[in-house]
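Taking it in order: structure first as structure tokens, then the write-up.
The values are calculated or read from the model by the stated rules, or taken from the named source; none is laboratory data. What you see is a predicted model; the values in this text were computed from it and never measured. A quick note on method: Cβ atoms are made from the backbone with ideal geometry, for glycine too, and the neighbour counts reach across all protein chains shown.
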């Protein structure tokens, strides 16, 4: 909920490799007042089974920039992105042609998104995620 002096933020994650929400991903929220100010860690949340964070911390008054840090490494390490509707044969063919992830884990172990906010507005920032790419946009 926002007031005339604060902005509010929400997010969700869709795993585009399986066409489903990405549940269980930790999301940290930081804010700052002005581009030269230090970041203040506000806490975080975890996506639910619908890929949504319904309890992100409230932004402090005067916030001008927000950073969402999605901790994607654990999600990919658990193999959630492999649970598609493909047959075993289709998955084997896709994996044969897919690039290999390094031994260190996910190609993108975290995704940090920084954006500007305005007082009194709500900012919904969805993350479209797959093992080798991601995209974000300002939603509604």
Checklist line | residue 66 buried (at least 17 other Cβ atoms within 10 Å of the Cβ) and either closer than 18 Å to residue 127 by Cα or modelled with pLDDT under 90 (or both) | finding: yes
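Here is a yes/no grid of residues against (1) assigned to a loop (DSSP other than H, G, I, E, B); (2) under 16 Å from residue 113 (Cα atoms):
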| residue | (1), (2) |
| --- | --- |
| 5 | yes, no |
| 11 | no, yes |
| 14 | no, yes |
| 31 | no, yes |
| 34 | yes, no |
| 57 | yes, no |
| 60 | yes, no |
| 63 | yes, yes |
Note to self: Checking residue 21 against (1) surrounded by fewer than 15 Cβ atoms within 10 Å (Cβ to Cβ); (2) on the phi < 0 side of the Ramachandran plot, only one condition comes out false. Which one?
What the structure shows: (1)
Check: Condition test on residue 81, is it in a helix (DSSP H, G or I), modelled with pLDDT under 95 and in contact with a strand residue (DSSP E or B) (Cβ under 7 Å, 6 or more places away or on another chain)?
Finding: yes
